[in-house]
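FYI, it's all coordinate maths here, none of it is from the lab. Every value quoted in this text rests on a predicted model; they were computed, and no experiment measured them. Every residue, glycine as well, gets a Cβ built from its backbone with ideal geometry; the counts of neighbours run over all protein chains shown.
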Amino acid sequence: MKTITGVAILLSLAVGLEAQRPWGRMGGGRGGSALGNAPLAKDEAEKRILDAAAQVDRVMSVPPEDGRMIRLLTEAIGARHAVEIGTSTGYSGLWFALALRKTGGKLTTHEIDPGRAATARESFRKAGVDGIVTLVEGDAHETIKKLTGPIDIIFIDADKEGYRDYLVRLLPLLRPGGLILAHNVGSRGENPEYVDAVTKDPQLDTLLLTSQMTVTLKKR
């Protein structure tokens, strides 16, 4: 059984996941909220972001429960610098923004498709978070070379064959105690190079928190 941080324990309980099993014989969680409740806006600014998220055309985006996990983890670690690979239409970026507006942080998000990037920019504008989100258009394998650290949390949801390359390039910029989230990695068979990279490195600890989302801790 893999070790798990206190934050992750709370989150796994909150989203009603099944007990986790080691890589190679992991079943994956049920996903969703334990209570099935919709997120409740604490203030008008949060309501504006949630309303904008509800209007997003979720093209190749995470499901709502994984978006909520992004927000919970980002806010729980007090992230100031978040990096996303694969903006799509901005849905997951809005969940980042819900947390970052409270932590005083900013999101740098990368998208290769101009049409999706334009839609995302409009989503961020509607939500009133365009001031804390920088959207970079182009091939992220190239554009991330301009990033500087420290980075607190990274979310990878782009070309699956590129996951390991993103990891190799960004891991040195991630602060100790920082997190890497990767979507669409439900089993080793889906992305063996990435899974091997995050489970066989002694400086990392990785587990599957939902049926599609892995969370990796860079140890202190």
Partner lysines whose C-alpha sits under 16 Å from that of LYS102, ignoring same-chain residues fewer than 8 away, are LYS42, LYS47
The answer for the net charge of residues other than THR134 whose Cβ lies under 12 angstrom from its Cβ, with Lys and Arg +1 and Asp and Glu -1, is -1
Amide H neighbours of LYS106 at under 5 Å, excluding residues fewer than 5 places away on the same chain, with H built from the backbone geometry, are HIS81, ALA82
Taking Lys and Arg as +1 and Asp and Glu as -1, residues besides GLY115 with C-beta under 12 Å from its C-beta add up to -3
If each K or R counts +1 and each D or E counts -1, the residues other than LEU50 whose Cβ falls under 13 Å of its Cβ total +3
Final fewest-first order of LEU174, LEU204 on the 10 Å Cβ neighbour count is LEU204, LEU174
Residues whose built amide H sits under 5 Å from the amide H of LEU174, excluding neighbours closer than 5 in sequence, are ILE151
For LYS145, the lysines lying under 27 Å Cα to Cα, once residues fewer than eight places off in the same chain are dropped, come out as LYS106, LYS160, LYS200, LYS218, LYS219
When GLU75, GLU142, GLU193 are arranged by how many other beta-carbons sit within 10 Å of their Cβ, fewest first, they go GLU142, GLU193, GLU75
